[in-house]
Amino acid sequence: MIRDGRPEDARNASKVDGLGDIPSFAGFFQTQAATDNNMFWWYFPSQDGNVSAPLVIWLQGGPGGSSLFGLFAEMGPFDLTANLTIIDRPTSWNKKYAMLFIDNPVGAGFSYTSMDAGYCKDQTCVASNLFSLMTQFYTVFPETLAGGLYITGESYAGHYVPGFAHYIHVHNTKARSASARRSLRSAAEDPLIIPLKGIAVGDGWVDPVEQMGGYPEMMYSLGLADDLQRAKIEEYCNATIQHIKAGEMYEAFGIWDQMLNGDVFPYPNYFHNITGSNDYDNFMNTNAPPNFGYFAAWANQADVREKLHVGNRTFQSGHECELHLLSDFMVLPGPGASRAGLC
């Protein structure tokens, strides 16, 4: 519909009915035609009716986590009961801000690709897909340009958020320069300037070298490791850092995954072995709280998929997406940033 010049039809087609009492819109935007990349988004205008409210993008971490987790378990407008009933969240950011939840990158949640080459392996690819999505979003919802844009996220979004913000900054700089060079032009010829106002990252995975060095003392100080275990954690961290500085990102990830992350390592990681916990985000828990999994069960219901306009698409775990980004884990996000060769 967008390619045919019918953004209003696209807007009407994306309206969500029958899922809670809060107005919203959802669907797919194709972000890479060559590989059939299609990214799922769910947009909630500000509940206070302010059409000029800032737009807040939420990007879940992982990599491969669906932003429906943030929507239903953190700051989104909805919560879920144990029987998968939607209830309103009284403390949602959406009370005052427009919110856009994106399953990012392709392979997370409902976002999909038809080709292996469509999966991202670095933040340039991630940002490019997000930028394509946003240009289409602003075509369908142009009123959201007025309030400015804030890019937010958590965990692995410590890579996504600064990477996407930098991508927008570079685009805006070029777009303004191109506009300035034109002495005769109509307003319709002006390139899109995305009104980026700020970014925010919670518990972000940003600088692996700096963050890696803090694990031994932190775990020891919290009583999660004794003297011998702290020494072992230091071995893991030092080996990881050395591989990063040598540019050996796969090897660095493998050691860190064995120590703490545990996403790919086929056996219990070292953190679990010494603490008995599978939840390193909250060591008071043995496992993550059960409500953290409600959103996935909810999203896999046929009537939900129909109302979200995703057809018969499978709600993915994000594992395939993560496997394609393994070499990106230990890269410092930013323009030309690298730890290779550092000492």
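May I ask you to say which residue of Thr31, Thr35 is crowded, with 19+ Cβ neighbours inside 10 Å, in contact with a Ser or Thr (Cβ under 9 Å, 6 or more places away or on another chain) and within 26 Å of Thr135 (Cβ to Cβ)?
Being crowded, with 19+ Cβ neighbours inside 10 Å, in contact with a Ser or Thr (Cβ under 9 Å, 6 or more places away or on another chain) and within 26 Å of Thr135 (Cβ to Cβ) holds for just one of Thr31, Thr35, which is Thr31.
Which of the following residues is within 15 Å of His324 (Cα to Cα) and not aliphatic (A, V, I, L, M): Asp103, Asp88, Asp122?
Asp122
Please state which one of Tyr97, Tyr119 is under 26 Å from Gly202 (Cα atoms), in contact (Cβ under 8 Å) with a residue 60 or more places away in the chain and not hydrophobic (A, V, I, L, M, F, W, C).
Checking each option against the conditions leaves just Tyr119.
Within the stretch 232-336, considering only helices (runs of 4 or more DSSP H) that don't extend past its boundaries, which have at least 3 residues that are under 23 Å from the mean Cα position of the chain (by Cα) and of a type in the set (Gly, Ala, Ser)?
294-299
What tally of residues in the stretch 253-266 results from selecting those that are touching a residue at least 24 places away in the same chain (Cβ under 8 Å) and in contact with a Ser or Thr (Cβ under 8 Å, 6 or more places away or on another chain)?
From the stretch 253-266, those touching a residue at least 24 places away in the same chain (Cβ under 8 Å) are 253, 256, 259-260, 263-264; that's our starting set.
If we keep only those that are in contact with a Ser or Thr (Cβ under 8 Å, 6 or more places away or on another chain) as well, we get 253, 256, 259.
The qualifying residues number 3.
Closer than 18 Å to Trp205 by Cα and either free of Cβ contacts under 8 Å to residues at least 12 places away in the same chain or in contact with a Lys or Arg (Cβ under 8 Å, 6 or more places away or on another chain) (or both) - does that describe any residue in the stretch 285-306? Steps first, please.
In the first step, residues of the stretch 285-306 are kept if they are closer than 18 Å to Trp205 by Cα; the result is none.
No, the conditions are met nowhere in the stretch 285-306.
All but one of (1) part of a loop (DSSP other than H, G, I, E, B); (2) under 19 Å from Gln301 (Cα atoms); (3) not hydrophobic (A, V, I, L, M, F, W, C) hold for Asn50; which doesn't?
(2)
Using beta carbons and a limit of 7 Å, which pairs, at least six apart or on different chains, have the first residue in the stretch 233-252 and closer than 14 Å to Tyr215 by Cβ and among the acidic types (Asp, Glu) and the second one buried (at least 17 other Cβ atoms within 10 Å of the Cβ) and modelled with pLDDT of 95 or more?
Correct list of pairs: Glu234/Pro216.
Restricting attention to strands (runs of 3 or more DSSP E) lying wholly within the stretch 61-172, give those where 2 or more residues are surrounded by fewer than 19 Cβ atoms within 10 Å (Cβ to Cβ).
In the stretch 61-172, the matching strands (runs of 3 or more DSSP E) lie at 86-88.
Starting from the stretch 19-33, take each residue that is closer than 22 Å to Arg3 by Cα and list its partners that are in a strand (DSSP E or B) and polar (S, T, N, Q), counting only C-beta distances under 6 angstrom and pairs at least six apart or across chains.
Phe28/Asn38; Gln30/Asn38; Thr31/Asn37
The values are calculated or read from the model by the stated rules, or taken from the named source; none is laboratory data. Not measured: the values here are computed from a predicted model. Ideal geometry is used to build each Cβ from the backbone, glycine not excepted, and the neighbour counts take in all protein chains shown.
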